[in-house]
Structures are given as C-alpha cells and as structure tokens.
2 protein chains.
Amino acid sequence: MNGAESLVRTLVGGGVDVCFTNPGTSEMHFVAALDRVEGMRCVLGLFEGVVTGAADGYFRMKGKPASTLLHLGPGLANGLANLHNAKKARSGIVNIVGQHATYHIGYNAPLTSDIEGLAWPMSAWVRTSPDAKSVAADGAAAIAAAKTSPQQIATLILPADTAWNEADGIAQVREDHRPLSYCAQAVEQAARILHADSVHTLLLVTGSALTEQGLALAQQIGEKTGCTVMSETFYPRMARGRGRFSVNTVPYAIEKALAVLKEFKHILLVEANDPVAFFAYPNKPSMLKPNGCEVHRMTDCGENSIAALEVLADAVHATPHDAKPQKFVELIKPTGALTLTSIAQAIACAIPENAIVVDESVTTGRGFFRPTAAAAPHEWLQNMGGSIGFSTPVATGAAIACPDRKVMSMVGDGSAMFTIQSLWTQAREGLDVVTIVFANKIYQILRNEFDNVGAGEPGKRAQDMLKIDRPTLDFVAMARGMGVPGRAVTAADDFNKALDEAVHEPGPRLIEVQI
Amino acid sequence: MNGAESLVRTLVGGGVDVCFTNPGTSEMHFVAALDRVEGMRCVLGLFEGVVTGAADGYFRMKGKPASTLLHLGPGLANGLANLHNAKKARSGIVNIVGQHATYHIGYNAPLTSDIEGLAWPMSAWVRTSPDAKSVAADGAAAIAAAKTSPQQIATLILPADTAWNEADGIAQVREDHRPLSYCAQAVEQAARILHADSVHTLLLVTGSALTEQGLALAQQIGEKTGCTVMSETFYPRMARGRGRFSVNTVPYAIEKALAVLKEFKHILLVEANDPVAFFAYPNKPSMLKPNGCEVHRMTDCGENSIAALEVLADAVHATPHDAKPQKFVELIKPTGALTLTSIAQAIACAIPENAIVVDESVTTGRGFFRPTAAAAPHEWLQNMGGSIGFSTPVATGAAIACPDRKVMSMVGDGSAMFTIQSLWTQAREGLDVVTIVFANKIYQILRNEFDNVGAGEPGKRAQDMLKIDRPTLDFVAMARGMGVPGRAVTAADDFNKALDEAVHEPGPRLIEVQI
C-alpha cells in the first residue's frame, strides 16, 4: 500500500472515521485511497472554513476528533479562522494538509507557501511527514496528539510523494488511557474558601462542568454554601433546558460584567480562566475581577472536574436535596410583531427534545438565554474564539456527529455570509439542520462597539461600513441556490409556523427572520 | 488627532486612497476617522477573501497599492489565500490588520492569536505599531514597503490603543523615485546568445514585458532573430487582442510543456523564472527545461524590462518592421450547443474594447486563449498563486480601479463558491462586472489530475469528492440573493444574447453557463 492508504487505514484504525475535506491535486492519492479502505466517511465542503468548522462541531458532539483534508497553504489558510475557534474551544482535530512532493517544494511553484508557519498559530502539534514509510506513524502521532487531554489541534502536513510512494503498513495509535485526575489540594483549598466566605465566592465553571452532571453538582454546592455559580460568557457546550440547572453567565458587556463581579473576594476556577474583557476599551480594565479578589484554580481543562466537584460537594456536605427547583420564564408562543423578545420566545418554544443549538445569534440573541432555560432539554454550543462564520459549519459537523438529533443553527446575517457555503454540504448530506438567520441588515454588534470604544456617533461614511442593507441580502434565494429550502418570516406567527415545520420535517431548512 | 486619524491621513497623503475592508471592534477608530478625513474610498466586503482579492485586482489595474482593513488574526487568516495570490503576482498592498490594545494582548481574550506569525508567510514586510505616536510613521513605512520595486505586501498591525490614543500628526512617505534600471551586461549576454543560436533560444517573458509595448519589442526580436517568444503559463496581466502580439504560453500540462521546451538550449528570462511544473507528478521532472539547457536572467521583476528589450532589439537590429501580422482564428459568433469551442468563440466575440478579463475559467477556459487573440483590445488577468476563489474578488477590485472599463470575470463553478460574497460588493458599488460561471458541476481539473498523479480510475467514493453536482448549484439564485441580476444559458445563442446584454448594460450581471 502507498503512504496515503497507510494513513487512511491508520486513521480508521485509530477511530478517526470522518474526514471533512476540500482536496486538491496534491491530495488525490488520499482521495484515491478512500476507494480501497472501508470505514472512512468523507464529507465535502465547498470552502475550507466549512471543513474546519464542521470538524469542530463534530468534536464537540462526538467527543473525538474528525480529520480534515486541506489543499496546501491557501487551503489551510481558508480554514484557519474556524481552527482558531476550535482551538479556543479545546476541540481535538486531526488537521491534514497536503503539500508539494518533498523534492518539488524548493522550486517555488505557484502554490508553494510556508505551511508549517501558517499552521502553528492555530495548532498545538505540527509535523511534516518526511517520507511514505513515516506517514502511518506520523498519522498515529497526530491522532494521539489530537486526543491528548485536553484535546487539541494536530496538523499533519503530507507531501504528495509521501502519499504516492510505497509505505510499510499501518501504525497503532498510542493513546493515553490513564483516567483523568484532579488536584486534591486544590479542591481542599476550594472547600476552605467556601467554609470561610462563601457569600463572596464565585464558582466559575466551564468545560465538562457544563454537562448535566457537572451543573447539578455546581448547583448543589452553590445552594448549600451560598456561593454564586456562573459560567464563563462563552462556552463550548452546555446542557440546558427543563430539569437542568440553568447557570448564569458572566455578561459580555464590560460594565455589566464589572457590576456582576464586583462583590467577589474569591473566584474558584473550574476549567475556566480568570475573567477578562472580550475587547479592550479606553479607560476600562482588561481584567474583570475587582481589586483584591483572589483567583484559585480548582481544575484546569483536561482534568476531571466532575470528580473534583463531587469531592467538593462532599466536603461542603452538599447533596442533591440541596438543589431547589429554579423559577423559569414561562414558555409563551408569541404572536404579533417580531421583536427580540418574541423571537426568543418562539425559539424557546420550538427547541425539540435533545436538540443541538449552535448559537451565533450575536446581538439578536442576547435575550435568548433566559427563556430557553425552560425549553426541552438540549445542548447549546457557542463560539469560543470570536471569529464569525462559526455557526453554519459547526452545525454541519454536529449534524454529522449526531444524525438522530435536530440541529438548530442560529446566526446573524453578517456572520452567516462568511461561511454560507455550509448550506450546500447540509443539502448534500441531507442533514437535519435548521438555519435561522437573523437579518437585521447591520453588523449591530459593531454599531454598539462603536459607542463602547468611545468613537462617538458614526457619520455617513462610518455607518456605511457597519450597515449591510444595500443591497438587501436574500438568504432564501441563496439557500435555494445551494439546495436548501427556505422561507422568510416577518411576524411571530409565521416564525412559529416555519420553526414548527423545520423542526418536524427531516433535512435542512433555512428561515430568514427579517427584523 | 488620534492614531487612527493620523494613519488614514497618512494613507491618503501617500496616495493610498482606497481601502477594502471588513472591520471589527478593534478597528472602529479607523472607521470613525473616515468621517473626519476626505479622500479615502472605503469598500466593504462580506468576507475577507473578497477584501484582499479586490486589493490585488485594484493594484494590477491601477499600478499602486490599495489598503485593506482586517479584523485581528482570524480576519487576516480569511484574507490570506488571496494575499498568497497577490504575493505571487507581485502586487503591492498595504494590508492593515487590527489587534487588541497593546496592554490587552497578554490576557489571551478569545480573539487573541499570533497575528505576526499569520502575516509573515504572505507578507514581505510586517510591523506591529507600538504606540499612537508611531502609527503615522509606521503607515508611511508600510506604504513605502508596498511600493518597493517590485511592489509587495506590507502588513501593518494596529493595536486598538495605538488607534485611539493621541498622535503627533501625519507622516510623509519616503518613496524611492529612482528610475527603474536593468543590468546592461545581462542584455549584452542575451544578445550574444541570440547571435550564436537564436533558433534554440527561448525568450521567456512576463510582468512589464506583457504590456503592449513589451510584447511588440519581444515580437520584433523574435521575428528578426528566429528565437521563440513565450510567456509563462500564468501571468499577472497581459495586453491582448487585435493589433497586439499574441504570445504563446508555456502549457500547463506537464507533457505538453516538456514537449514544447525540449528543443531549447538557452532560455532568456525577462522577469520570468526558470520554468517549473505547477505540481509534482510521479516519475516526471519538476524542472521543465531539457537537460543541458542554460538559463540566463536578462531582467528580474522590478527592473526596467521595456528599456532592456529596447536595447536588445537594437543589438539584434530588430525594428517594428520585423513584426509581421499574425494569423488569428476568425471571430465566429457560435450557434447550436454549448461546447468548449462555442463558449470560447462567444467570449471572443463579446469582449468589448478596453475590457478587463479576469480569468479563473480553469478547465473550461483551456481553449480561450487562441480565439480571444482576435478579440477587441483588452487586458487579461490570471491567478499567479493557484489558490482558487481568485476571480470574483480580483474583478471587484479591478472595477473599482477602472470604473470606465467593463470587467469580465470568468470562473469555474467550484472556484466561484470560495468567494461568492464578491457579488454583493459588486452590487453595492454598482460595478461594471460580468461574472461568467462555467457550471460543469465537477472539480474537472482534479478529475484530470487524478489521472496525472497516477491514482488510476476514481471509484465511487473518490468521484464523490470531485463532483459537485449533488445538489446542483444555482448561481442565478445565489446572485439574486446578493443583488446581482443573472441568467442561466444552455445554448450558444442564449449565451451570445446574455453576453451582449451584460456587456452593454451598466452594473453587475451574472451568467451561468450550464455545460
């Protein structure tokens, strides 16, 4: 077998059996190997931002890495923005990038570029395979690197001759099967702080603490001790909906965040980080905690936060009986005009049980959090890296990971345009994704931030860089162009109906919510 | 004035008066400064690949750099593929990238990444401005770097506090006004070679030698001495059409290239490079020249090739009288079915005088070169970096540069999907661009390359990664969704009519050629 086949067999053997791809000439032997190897599902994207975002979404729902297949430096470059988001979410990805044949690189042919240089900023592990006999072992090392705890992005660069030359066979992945651990002293320290001054203590959680089990433990600890439990502003995945603890998040707006955090003297971090502002603003702090507040790390990403929370709950004598039912906003099917409130209500009513909600609703979605706490149980995925064009690819990958769950992809019109090509892959694969585009015809978050950074009132030319209303984008037409049926709605009743139809019919749908 | 305003004023003062942009929060002070500074045309793109490709197209037609404005690392990342193409075309661009405030970078907020690391692979000059008082001087240095001969990509990274803090004023650009030169000895050497063995000598030209004047000189030299004149396979810009010397190009297909070059004992390079294969193929050479062939550089990119060709023409006693009229394929308005031949004929007939043709027609366009030699005089722009998603952004920028010329953007369906968002900017700015999408529903070049790399006959799974026919892409619907009127054609008569209408009506149009 050649190097490409040895790699594909090593990937499948190592449990990496989905490949999101947009290949080119230098990757043709990898593509050819797909015909000879059973067990690899290859999913084509028409743009690399779709490919890498889908790998992120797949990881978040499946908990194991998919691979990508990208064409040389520019193909990797197109995928970097969503690799950035994946990196910040601690998603594991085996990111495979083709390269010219080793002997061809030095000739500076048109597509030559510094692929390792491009890969490093968004990867934890980068290796260029030197020859065909090394490819399988390098592939196995990439899988092991991607599956490290916490998982991460491993970029394997595959020169064309390492794919077409004869290989030695497949390689086994040396996985680290040790169970996740945590630092007992850090938990003891957390217990001491809660005993001493729980009222002024914030338990700030993310990662595995945002599973149903983790949230339940955090709620017990919070209610038993009187400490506050919050999630970071953005989170990779949160268990939400009826029967689950609805945890508050640190607000995005800096004034609100400072106000919410100002009483705390201690912050206990469960996989979270010392809270910082998303952006800097003139004359405002970068760190959000008040002066004198002490930050203590209880667990880091990649540690066993569930076990640590269980020990902490024991230490503070918290039990499931301490968790009192929360008061939720009532689910109301809205009527009348589309407002930020009625949109949120409609979505809360529509979320079906076990749904995956991918949230890039930006300003329109600021009010979605509370009403959806009462929705049917679901998972909520967010953008951890802030690079827009996140939702539609991540929804695509989540749907590949979980074919039996409905995916709701909520996205602002500005964000949707960065990776709109995702719709085609959704149609091609018949994925159960409802894309809901909030069409307010403006980068509204930038209009807000224009004020926040003290730039005053935008004049005509500045406004022109914020508004995307000229010409009006017709997302229903674009979706149709990519094989996804869609409809536009301008009133709450219509929106309810469109959601109902989209949730109950299989296959992809798009709803353009005209605000 | 603040740093942002000092930069915008420095740009305008330095002749950089067009900014292609997709800004974010960290760039809001730059956007705000637009309201206070006259003379900067800001053009919004909905995706950064549009922004950087437009800057490339602008440079190619205007001969001077535009600026970009991109949002942090991910915004730059999205623009890198077309920066790669621009770099390989030797286009000058002042590439401005926002950054977190200097004091905020260390906090690792979600959008933090290694911006300099991302910039270097596609830039010749990179600088992060350290403070507001340095921004104007750094901007002036970036302009000077972009305008270096040969021109290049200069990336200026602008931390948010350098934009909002108080600056000292604007800075002057220290331009190098020395006239372009060339190496007299290299020209003498070229003359000696032509005297000794012109029949086995190839004059391989690109860059400024592909202007009407450069081509005329090359033709005289070729016809006087009997040497062969060819252009590199791909070229940044070529003067073509009736009355101009139609130069052959080195074929893309490696067997054809090897066959065409096999008789040469000398290759004289005029800005060109020693010819290499676009990709490596098993058991085929990377270098295309035959064994024993000597390569001599006459001029390099950034030298005065016109003057050098004039001296060489004198040395071989070539005059305009030596240039005999070429035989052109007759212009025939096709009828009947759409075939590769009839498509080429229709385009050759339709090209209006002074048009700018941006060519990413890939496999469909392989036969366009000969018939269009007889078209009305026009300029032909090609992709120098091989990263697809080139044509629609470059056409956008070319139209901004030359509002009085019709732009014809020819693109394969696969390529068109990478940067389809360009259509919206074309509609917004009312640009005279006709986008012609060749919809063959397959990455046909990859189907060919699958054979070329010796991967055999693609099976079902491999074919699935090459074909984009499921679902069918409807480009007319997508164009309508972005405000561009379009029509699909399936026969030559329809195509003629659609071209005629699109060429004669102002504003953007799209034609989907269904093959």
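Structural remarks
- Residues that are buried (at least 24 other Cβ atoms within 10 Å of the Cβ), closer than 30 Å to B:Ile105 by Cβ and free of Cβ contacts under 8 Å to residues at least 12 places away in the same chain do not occur anywhere in region A:233-244.
- Neighbours by Cβ (under 7 Å, 6+ apart or cross-chain): first from region B:68-85, under 14 Å from B:Ser123 (Cβ atoms) and without any contact (Cβ under 8 Å) to a residue 40 or more places away in the chain; second buried (at least 24 other Cβ atoms within 10 Å of the Cβ) and acidic (Asp, Glu): B:Gly79/B:Glu48
- Filtered residues of region A:329-374 (kept if charged (D, E, K, R) and either buried (at least 21 other Cβ atoms within 10 Å of the Cβ) or closer than 16 Å to A:Tyr235 by Cα (or both)): A:Asp359, A:Glu360, A:Arg366, A:Arg370
- Of the residues making up region A:250-268, just one is small (Gly, Ala, Ser) and surrounded by 18 or more Cβ atoms within 10 Å (Cβ to Cβ), namely A:Ala257.
- Looking across region B:441-456, not a single residue is more than 23 Å from B:Ala277 (Cβ to Cβ) and at pLDDT below 90.
- The set of residues in region A:126-168 being hydroxyl-bearing (Ser, Thr, Tyr) and more than 14 Å from every other protein chain (Cβ to nearest Cβ) consists of A:Thr128, A:Ser129, A:Ser134, A:Thr148, A:Ser149.
- Taken over region A:473-491, residues that are closer than 22 Å to B:Met417 by Cβ and more than 7 Å from chain B (Cβ to nearest Cβ) amount to 5.
- Annotation note: of A:Gly49, A:Gly24, the sole residue that is within 9 Å of chain B (Cβ to nearest Cβ) and in contact with a His (Cβ under 7 Å, 6 or more places away or on another chain) is A:Gly24.
- B:Ala318 falls short on exactly one of the conditions (1) more than 30 Å from B:Asp494 (Cβ to Cβ); (2) not in a loop (DSSP other than H, G, I, E, B), and that condition is (2).
- Hits in region A:91-101 - residues which are in contact with a Phe, Trp or Tyr (Cβ under 9 Å, 6 or more places away or on another chain) and either more than 25 Å from A:Glu271 (Cα to Cα) or surrounded by fewer than 24 Cβ atoms within 10 Å (Cβ to Cβ) (or both): A:Ile96, A:Gly98, A:His100, A:Ala101
- Within region A:70-106, the residues that satisfy the criterion of being among the basic types (Lys, Arg) and touching a Pro at 6+ places or on another chain (Cβ under 6 Å) are A:Lys88, A:Arg90.
- Residue match in region B:62-71 (condition: assigned to a helix (DSSP H, G or I), modelled with pLDDT of 95 or more and either more than 10 Å from every other protein chain (Cβ to nearest Cβ) or buried (at least 24 other Cβ atoms within 10 Å of the Cβ) (or both)): yes
- Filtered by the rule that a residue be within 30 Å of B:Asn304 (Cβ to Cβ) and part of a helix (DSSP H, G or I), region B:139-160 gives B:Gly139, B:Ala140, B:Ala141, B:Ala142, B:Ile143, B:Ala144, B:Ala145, B:Ala146.
- A:Arg487 being assigned by TED's automatic domain parsing to the domain that holds A:Cys402, part of a helix (DSSP H, G or I) and surrounded by fewer than 20 Cβ atoms within 10 Å (Cβ to Cβ): no
- Among the residues of region B:34-49, the ones that are under 16 Å from B:Val97 (Cβ atoms) and either of a type in the set (Phe, Trp, Tyr) or touching a residue at least 60 places away in the same chain (Cβ under 8 Å) (or both) come to 3 in all.
- Unmet criterion (only one of (1) hydrophobic (A, V, I, L, M, F, W, C); (2) part of a loop (DSSP other than H, G, I, E, B); (3) surrounded by fewer than 24 Cβ atoms within 10 Å (Cβ to Cβ)) for B:Ile388: (3)
- Summed over region A:84-109, the residues that are over 24 Å from B:Pro110 (Cα atoms), more than 7 Å from chain B (Cβ to nearest Cβ) and not in a strand (DSSP E or B) give a count of 4.
- In region B:398-433, the residue that is farthest from A:Pro74 (Cα to Cα) out of those that are away from chain A (no Cβ under 14 Å), touching a Ser or Thr at 6+ places or on another chain (Cβ under 7 Å) and not polar (S, T, N, Q) is B:Val433.
- Subset of region B:250-274 [touching a residue at least 24 places away in the same chain (Cβ under 8 Å) and touching a helix residue (DSSP H, G or I) at 6+ places or on another chain (Cβ under 7 Å)]: B:Val250, B:Glu263, B:Phe264, B:Lys265, B:His266, B:Leu268, B:Val270, B:Glu271
- Listing of helices (runs of 4 or more DSSP H) fully contained in region A:391-434 that carry 2 or more residues being at pLDDT below 95: none
- Candidates in region A:497-514 are the residues that are surrounded by fewer than 20 Cβ atoms within 10 Å (Cβ to Cβ) and in contact with a helix residue (DSSP H, G or I) (Cβ under 9 Å, 6 or more places away or on another chain); of these, the one that is nearest to the other protein chains (Cβ to nearest Cβ) is A:Gly507.
- Residue ID - nearest to B:Lys88 (Cα to Cα), chosen from residues in region B:176-211 that are without any contact (Cβ under 8 Å) to a residue 60 or more places away in the chain and charged (D, E, K, R): B:Asp176
- Residue in region B:115-125 that is at the interface with another protein chain (Cβ under 9 Å from one of its Cβ atoms) and either part of a strand (DSSP E or B) or of a type in the set (Val, Ile, Thr) (or both) present: yes
- Matching residues, region A:312-328, being surrounded by fewer than 16 Cβ atoms within 10 Å (Cβ to Cβ) and not hydroxyl-bearing (Ser, Thr, Tyr): A:Asp314, A:His317, A:Pro320, A:His321, A:Lys324, A:Pro325, A:Gln326, A:Lys327
- Near pairs, Cβ below 6 angstrom, 6+ apart or cross-chain, from region B:442-467 (at the interface with chain A (Cβ under 7 Å from one of its Cβ atoms)) to any residue that is in a loop (DSSP other than H, G, I, E, B) and aliphatic (A, V, I, L, M): B:Leu446/B:Leu466
- Annotation note: Cβ proximity below 8 Å between a residue of region A:407-428 that is assigned by TED's automatic domain parsing to the domain that holds A:Phe369 and a residue that is among the aromatic types (Phe, Trp, Tyr) and surrounded by fewer than 24 Cβ atoms within 10 Å (Cβ to Cβ) (sequence gap 6+ or interchain) occurs for A:Met410/A:Phe368.
- Breaking point among (1) touching a residue at least 60 places away in the same chain (Cβ under 8 Å); (2) more than 8 Å from chain B (Cβ to nearest Cβ), for A:His29: (2)
- Among the criteria (1) surrounded by fewer than 23 Cβ atoms within 10 Å (Cβ to Cβ); (2) at the interface with chain A (Cβ under 10 Å from one of its Cβ atoms); (3) at pLDDT 95 or above, the one B:Asp17 does not fulfil is (2).
The values are calculated or read from the model by the stated rules, or taken from the named source; none is laboratory data. Everything quoted here is computed from the prediction, not taken from an experiment. Quick reminder, even Gly has a Cβ in these numbers, built from the backbone with ideal geometry, and neighbours come from all protein chains shown.
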